[in-house]
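What follows is calculated from the coordinates using simple rules that are stated; it is not laboratory data. Keep in mind it's a predicted model, so treat the numbers as computed, not measured. Cβ coordinates were reconstructed from backbone atoms using ideal geometry, including for glycine residues, and neighbour counts include every protein chain displayed.
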């Protein structure tokens with residue numbers, strides 16, 4: 001084989017680094033103030049000690065701090081019942097699945113959780129993936145649509161799924177059914193589904209239900225109205241909603257299960273575990289089992305994660321933990337608003353709008369001085385001029401913890417001239 005024909009030819013030469021210079025690339029990110037580091041936490045809980053990035057060394061934990069930055073919304077990651085379920089799964093099934101689900105990595109425990117999810121989501125079947133990211137990428141590529149209509153603020157995993165699918169992707173304005181309708185009208189003729197410009201084309205509308213940086217909710221009923229006029233399928237990412245509405249998500253809250261073809265979500269947020277899922281029809285799940293590469297070529301979800309998620313879902317469906325969360329959300333939102341902050345959204349995610357990048361970073365740093373972990377979210381994650389502190393209370397935060405958070409916001413905000 002000659003060098004031109006061999007895609008790996010020339011890799012072992014003694015010349016330069018063949019265009020790869022991680023130090024230079026890292027320096028470029030630092031120059032643009034885009035670099036980040038890892039800060040280990042001692043526990044996954046409402047309060048924990050944290051350490052500065054130790055690189056390859058052992059973490060050196062500081063004082064205990066209150067965490068208002070996690071997606072562990074129901075505070076179940078250290079719940080005794082959930083921990084016990086993970087331990088029992090490891091003891092009875094194993095610590096790992098050992099193979100992909102299509103080989104020998106499929107167990108009765110996986111099937112039990114899939115039945116529970118399908119019941120909570122009101123669908124015929126559900127399918128577990130190794131992560132929410134894998135679920136989105138694998139599902140979108142397996143559906144192989146001709147055209148995808150995607151909300152402009154969709155999660156990166158949806159964006160990557162659109163790219164990998166090779167479909168024509170049309171981005172519509174955030175949470176704007178009118179923009180979606182205009183985009184579809186530009187591609188078709190409107191009216192009934194058989195009036196599309198090409199009756200053989202498959203169209204897919206994809207949106208988050210709860211958006212993680214704005215805390216707002218997609219107008220799913222109106223999106224379905226538009227999609228149905230053009231015979232398009234609708235796929236909804238319920239990552240930040242799963243488990244918070246009687247065990248279901250926004251789709252269940254709004255009674256839209258019969259209008260949405262693909263319901264996707266994660267086990268790693270309110271359900272305090274790891275993994276993702278897709279819920280839908282029998283035929284959809286069987287197609288994904290055969291065609292979703294991120295499912296076919298990944299080891300099955302580890303049994304302890306499956307056991308933990310199953311117990312967490314049971315607890316979430318009982319309702320008491322969710323009630324605690326929504327009480328804390330209301331208390332904290334009212335308190336921040338009373339202080340004079342603008343709080344966006346309508347969910348358990350409370351984005352405190354600051355404006356400038358420098359103010360947001362300074363506020364987050366000062367909050368950390370008061371023992372409050374709440375990160376600054378800045379461009380390019382959010383638009384210029386909309387930097388914010390993303391506050392995420394948990395069901396397990398006490399009233400004293402919430403008051404301490406509010407006191408820190410008040411003092412730090414006045415020091416910075418934000419109040």
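If each residue's Cβ is checked for other Cβ atoms within 10 Å, how do 117, 315 rank with the fewest at the top?
With the fewest neighbours first, 117, 315 line up as 315, 117.
For residue 103 and residue 35 in the same chain, what is the full-extension length gain: residue separation times 0.36 nm, less their Cα-Cα distance, in nm? Could you put the intermediate results ahead of the total?
Numbers: separation 68, 0.36 × 68 = 24.48 nm, distance 4.02 nm.
Full-extension gain reported as 20.5 nm.
To check you understand DSSP bridge types, tell me what percent of the beta bridges within the chain (both residues inside) are antiparallel, rounded to 5. Each step should come with its number before you reach the end.
Values: 25 of 44 bridges.
Roughly 55 percent of the DSSP beta bridges within the chain come out antiparallel.
Given points 7 Å out from each Cα along the Cα-Cβ axis, report the residue 182 to residue 411 separation in nanometres with one decimal.
4.8 nm
Considering Cα pairs under 8 angstrom that are at least six residues apart, work out the relative contact order of the range 80-317 and quote it in whole percent.
Over the range 80-317, the number comes to 32 percent.
With a 10 Å cut-off between alpha carbons and a GNM built on the chain, which of 273, 131, 356 moves the most?
Of 273, 131, 356, the Gaussian network model singles out 356 as fluctuating most.
Could you work out which residue, out of 345, 243, 62, moves most in a Gaussian network model of the chain, that is, has the largest mean-square fluctuation with Cα springs under 10 Å?
62
Taking only Cα atoms and a 10 Å spring cutoff, compute GNM fluctuations for the chain and point out the largest among 335, 19, 94.
Among 335, 19, 94, the largest mean-square fluctuation in the Gaussian network model of the chain belongs to 19.
If you take the C-alpha gyration tensor of the chain, multiply each eigenvalue by 5 and take the square root, what semi-axes do you get, largest first, in whole Å?
Largest first, the chain gives 34, 28, 27 Å.
Calculate for the chain the 222 nm mean residue ellipticity that helices alone would give, adding -39,500 (n - 2.57) per DSSP H run of length 4 or more and normalising by residue count, nearest 500 deg cm²/dmol.
Rounded to the nearest 500, the figure is -12000 deg cm²/dmol.
What full-extension length gain, to one decimal in nm, is calculated for residue 20 and residue 334 as 0.36 nm per residue of separation minus the Cα-Cα distance?
Extra length from residue 20 to residue 334 when fully extended: 108.0 nm.
Could you list 217, 354, 296 in order of exposure, starting from the residue whose Cβ has the fewest other Cβ atoms within 10 Å?
If I rank by nearby Cβ atoms, fewest first, I get 296, 217, 354.
Take 121, 58 and order them by how many other Cβ atoms sit within 10 Å, fewest up front. All intermediate terms of the calculation are to be shown ahead of the outcome.
Numbers: 121 25, 58 8.
Least crowded to most crowded, the residues run 58, 121.
If all Cα-Cα distances of the range 80-317 are sorted into 5 Å bins from 0 onward, what percent lands in each bin, rounded to whole numbers?
1, 7, 15, 19, 19, 16, 11, 6, 4, 2, 1, 0
Grab the beta carbon distance between residue 49 and residue 356, set R0 = 22 Å, and tell me the FRET efficiency rounded to 0.05.
Working: r = 31 Å, r/R0 = 1.40.
Plugging the Cβ-Cβ distance into 1/(1 + (r/R0)^6) gives 0.10.
If you look at just the Cα atoms of the range 299-413, how large are its Rg and its Dmax in Å?
Cα only, the range 299-413: 16.5, 49 Å (Rg, Dmax).
Compute the distance in nm between two label points, each set 7 Å from the Cα along the Cα-to-Cβ direction, one at residue 200 and one at residue 291.
Going by the 7 Å Cα→Cβ label model, 1.6 nm.
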